[in-house]
1. Please sort 209-216, 196-203 by packing, taking for each peptide the average over its residues of neighbouring beta carbons within 10 angstrom, highest first.
2. Which whole-number value in Å² is the accessible area per residue of the range 111-185, probe 1.4 Å?
3. What pairs in LYS90/LYS113; LYS98/LYS145; LYS145/LYS178; LYS178/LYS202; LYS191/LYS213; LYS60/LYS98 have C-alpha atoms more than 23 Å from each other?
4. If I compute solvent accessible area with a 1.4 Å probe over the protein chains, what percent of it on the range 166-224 is carbon and sulfur?
5. Whose amide H sits under 5 Å from the amide H of ALA147, counting only residues 5 or more places off or on another chain, with H placed in the peptide plane?
6. Using DSSP to call loops (not H, G, I, E or B), can you name the trypsin sites (Lys or Arg not before Pro) in the range 109-158 whose Cβ has at most 10 other Cβ atoms within 10 angstrom?
7. Tell me which of LEU141, LEU117, GLY153 sits at the most positive position along the dipole axis of the range 107-156, charges placed on C-beta atoms (Lys, Arg +1; Asp, Glu -1).
8. Dipole size in debye (nearest 20) for the range 98-232 around its Cα centre, Lys and Arg Cβ +1, Asp and Glu Cβ -1?
Amino acid sequence: MKKIIYIQFVAFICAFKCFCQNQGTNGTYYVLDPNHAGKIFHNPTSETNRILGTPYTQTKFAYAEIENIPDKHFMRYNAYSDNFEFITFKNDTLEMEKMDNINNITFTKPYKKYSYLNYISNTKGRKKGYLVEMYTKGDFLLYKKEAVTFYAGKKAKNTLETDISANYSKVSYSYFFKTKTGNIIPFPENKKQLIKLYPDKKQEIETFIKENKVSFSEDYDRIKIIDFLSAL
């Protein structure tokens, strides 16, 4: 059974001392101290039976820059738990606790930036989690959410049935954007939803979509829409 150790990121030296605080030339930063871990966490989906698929958007660890931490670490994103994991010099796999003062984690090769943000979901209401920053124009930012679903296995009840292996789904994506007001809301899935967000710009929206043959299901057209909104 896989064991994942939770460690806590803290803004001051506390009893657990998971992070040490140092004063650098640009102000306060934090140094990861993996020698003082929190409790050991047993992954509830780790069972003796083989699980098909993966919860990771990228199974291999890659170097990433972490906000407020001067050193790079080998990281990977777990899209099932919406958490980041990293490797220590002892080759332990640790799970990074979400903290408000560590908002951005950026992979450099290839470039990919995750931001820990408040956003509004169509299905779950107000949430806070990691979104991938895709495009910025003016006050508008385009994001996508990566998600993986876990399906528990099922033992056959009789010889007429077959066992169903536990499995992770493929990565699914949902899209969000930050408006001029600063709210991060679901990206519209069609013209009707876009007009509902900006009813006073109905004519401009209809003309824009018709002339540009915009599809709401393609990333390059989502970027076109962000450019259009920033110019309104």
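1. Details: 209-216: 13.2, 196-203: 11.6.
In decreasing order of mean packing, 209-216, 196-203 become 209-216, 196-203.
2. I get 61 Å² per residue for this part.
3. Values: LYS90/LYS113 27 Å; LYS98/LYS145 16 Å; LYS145/LYS178 13 Å; LYS178/LYS202 20 Å; LYS191/LYS213 11 Å; LYS60/LYS98 21 Å.
Table pairs above 23 Å Cα-Cα are LYS90/LYS113.
4. Details: 1880 of 3850 Å².
That fraction is 49 percent.
5. Residues meeting the criterion, in which the H sits 1.01 Å from N, are SER172.
6. Numbers: sites: LYS112, LYS113, LYS124, ARG126, LYS127, LYS128, LYS137, LYS144, LYS145, LYS154, LYS155, LYS157; in loops: LYS124, LYS155, LYS157.
Qualifying residues, ordered by number: LYS124, LYS155, LYS157.
7. Of the options given, the answer is GLY153.
8. 360 debye
The values are calculated or read from the model by the stated rules, or taken from the named source; none is laboratory data. Everything quoted here is computed from the prediction, not taken from an experiment. Here the Cβ is made from the backbone with ideal geometry for all residues, glycine too, and neighbour counts use every protein chain on show. The area values use the complete protein model at the heavy-atom level, side chains included, leaving out ligands, DNA and RNA. Shrake-Rupley method; radii C 1.70, N 1.55, O 1.52, S 1.80 Å.
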